[in-house]
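Colleague: Before I ask anything, here is the structure I am working with.
The values are calculated or read from the model by the stated rules, or taken from the named source; none is laboratory data. What you see is a predicted model; the values in this text were computed from it and never measured. FYI the Cβ positions are ideal-geometry reconstructions off the backbone, even for glycines, and counts take in every protein chain you see.
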Amino acid sequence: MPGWSCLVTGAGGFLGQRIIWMLVQEKELQEVRALDKVFRPETKEEFSKLQTKAKVTVLEGDILDAQCLRRACQGISVVIHTAAVIDVTGVIPRQTILDVNLKGTQNLLEACVQASVSAFVFCSSVDVAGPNSYKEIVLNGREEEHHESTWPDPYPYSKKMAEKAVLAANGSLLKNGGTLHTCALRPMYIYGERSSIISNIIISALKNKGILCVTGKFSIVNPVYVGNAAWAHILAVRGLRDPKKSPNIQGQFFYISDDTPPQSYDDLNYTLSKEWGLRLDSSWSLPLPLLYWLAFLLETVSFLLSPVYRYRPLFNCHLVTLSNSKFTFSYKKAQRDLGYEPLVSWEEAKQKTSAWIGTLVEQHKETLDPKSQ
């Protein structure tokens, strides 16, 4: 199938950018369309400087604009859908999250049918699997175990329903008489250079005398490096486009982890930043059951005040559970069916992320001491 093209949504994001960087190296690729609501000027500049035979087209548009999506999909062979609102703290209104994550995905599937796009790779999330309770332990979980989140919170709910829509769309009849093939990837917590989550944690620690906030010391998780998460999406595209591999992939979801050792979120943050003098402060922390019930109490207060005042608790039950559960998954199915092997080792991922954190530390020093500039 020579001469193909690909649309990437959420292309200005942490994962989306990495996917674009890798995608442009693919054989026979003629065009990449990078779609996002808004791009930072430096991201546009980076895309324009990519050494590639494929044309890179930057499109700014809303995932909720059906006409925009129809235009973006015209003449496209494959869609990689990473655009999403990620929020587990309750900052963003519920309806906004449901609109973007669920309705946006449904809009995009419809645009693919109308424009006869034959392959659709959806970036889902491990959150669609749970954890539903901090007492629930899943170690080295697998796809056939059918773990499913029961949280009503907008992020896990919207991603779960969007993934169901994507997998149900597999086999849909396209306008040109062809067939739509879909699959979904469920990456673990993604870390690496340019992660806004890690950036916020580090900046907050630097403002707090180098002390990292303790948020998830009871957890055991297996985070995935951003380069490996992006690589899995490239392999999923290759698989859906390959008539031999495709039947094993169509309508399937895959957990995406790598060889990052299982550890707590706090340990990960410390390991990545300790070279720069940052440290954990675990001198005081509440027992987990008490922390959970405090979150429940705060959520109740928030609900009771909601008719007259929007009170947002510092943390909620879902966040406490997410941050403190033993919840790890195997990438064996992705290895078997997608041919997935992590491109970047734990040592290399750690070194790259730590070096980037070093630049954040330096920037912070310069901000505090303008003379050093």
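Colleague: Mind listing whichever residues of region 81-103 are among the hydrophobic types (A, V, I, L, M, F, W, C) and in contact with a strand residue (DSSP E or B) (Cβ under 9 Å, 6 or more places away or on another chain)?
Modeller: Listed by number, the residues that qualify are A83, A84.
Colleague: Only residues that are touching a His at 6+ places or on another chain (Cβ under 7 Å), of a type outside the set (S, T, N, Q) and not in a strand (DSSP E or B): list them for region 106-119, please.
Modeller: Result: L108, single match.
Yes/no matrix, rows are residues, columns are (1) in contact (Cβ under 8 Å) with a residue 60 or more places away in the chain; (2) aliphatic (A, V, I, L, M):
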position	(1), (2)
D62	no, no
R71	no, no
A83	yes, yes
D87	yes, no
T96	no, no
L108	yes, yes
A119	yes, yes
C123	yes, no
P152	no, no
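Colleague: Given the conditions (1) within 18 Å of K332 (Cβ to Cβ); (2) buried (at least 19 other Cβ atoms within 10 Å of the Cβ), report the number of the one that K245 does not fulfil.
Modeller: Single failed check for K245: (2).
Residues checked against (1) in a strand (DSSP E or B); (2) closer than 15 Å to V85 by Cβ; (3) of a type in the set (A, V, I, L, M):
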position: V121; (1), (2), (3): yes, no, yes
position: D127; (1), (2), (3): no, yes, no
position: S133; (1), (2), (3): no, no, no
position: L139; (1), (2), (3): yes, no, yes
position: P152; (1), (2), (3): no, no, no
position: S158; (1), (2), (3): no, yes, no
position: A162; (1), (2), (3): no, yes, yes
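Colleague: Count, please, the residues in region 31-60 that happen to be touching a Lys or Arg at 6+ places or on another chain (Cβ under 7 Å), of a type outside the set (D, E) and under 15 Å from C73 (Cβ atoms).
Modeller: The qualifying residues number 2.
Every residue, every condition in (1) in contact (Cβ under 8 Å) with a residue 40 or more places away in the chain; (2) surrounded by 12 or more Cβ atoms within 10 Å (Cβ to Cβ); (3) aromatic (F, W, Y), yes or no:
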residue: L268; (1), (2), (3): yes, yes, no
residue: L272; (1), (2), (3): yes, yes, no
residue: L278; (1), (2), (3): yes, yes, no
residue: Y292; (1), (2), (3): yes, yes, yes
residue: E299; (1), (2), (3): no, yes, no
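Colleague: Within region 312-370, considering only helices (runs of 4 or more DSSP H) that don't extend past its boundaries, which have at least 1 residues that are crowded, with 17+ Cβ neighbours inside 10 Å and in contact with a Ser or Thr (Cβ under 8 Å, 6 or more places away or on another chain)?
Modeller: 317-323, 346-368
Colleague: Kindly provide the set of residues from region 301-340 that are touching a residue at least 40 places away in the same chain (Cβ under 8 Å) and either among the aliphatic types (A, V, I, L, M) or on the phi > 0 side of the Ramachandran plot (or both), ordered by number.
Modeller: If the condition is that a residue be touching a residue at least 40 places away in the same chain (Cβ under 8 Å) and either among the aliphatic types (A, V, I, L, M) or on the phi > 0 side of the Ramachandran plot (or both), then L319, V320, L322, A334, L338, G339 are the ones that fit.
Colleague: So which of Y309, Y292 is out of contact with any Pro (no Cβ under 8 Å at 6 or more places or on another chain), not small (G, A, S) and not in a helix (DSSP H, G or I)?
Modeller: Answer to the selection: Y309.
Colleague: Also, quick follow-up: Pairs only if they're at least six apart or on different chains, beta carbon under 8 angstrom, first in region 134-145 and more than 20 Å from F253 (Cβ to Cβ) and touching a residue at least 60 places away in the same chain (Cβ under 8 Å), second hydrophobic (A, V, I, L, M, F, W, C) and assigned to a strand (DSSP E or B); list them, first residue then second.
Modeller: I137/F327
Colleague: Further, regarding this structure: Within the set of pairs 6 or more residues apart or between chains, which connect a residue that is touching a residue at least 12 places away in the same chain (Cβ under 8 Å) and within 14 Å of W21 (Cβ to Cβ) inside region 33-46 to a residue that is surrounded by 15 or more Cβ atoms within 10 Å (Cβ to Cβ) and not aliphatic (A, V, I, L, M) with Cβ atoms less than 7 Å apart?
Modeller: Matching pairs, first to second residue: A34/F47; T43/G12; T43/Q17.
Colleague: Please find, within region 60-102, the residue that is nearest to the chain's Cα centre (by Cα) out of those that are closer than 22 Å to S196 by Cβ, of a type outside the set (S, T, N, Q) and not in a loop (DSSP other than H, G, I, E, B).
Modeller: H81
Colleague: Shifting gears a bit: Residue by residue through region 193-213, note down the ones that are buried (at least 18 other Cβ atoms within 10 Å of the Cβ) and over 12 Å from the mean Cα position of the chain (by Cα).
Modeller: E193, I198, I201, I202, A205, L206, L212
Colleague: Considering each residue of region 179-192, count those that are farther than 17 Å from K326 by Cα, in a loop (DSSP other than H, G, I, E, B) and either under 22 Å from the mean Cα position of the chain (by Cα) or at pLDDT below 95 (or both), and give that number.
Modeller: 1
Colleague: Take the residues of region 22-50 that are outside any strand (DSSP E or B) and of a type in the set (D, E): which is surrounded by the most Cβ atoms within 10 Å (Cβ to Cβ)?
Modeller: This residue is E26.
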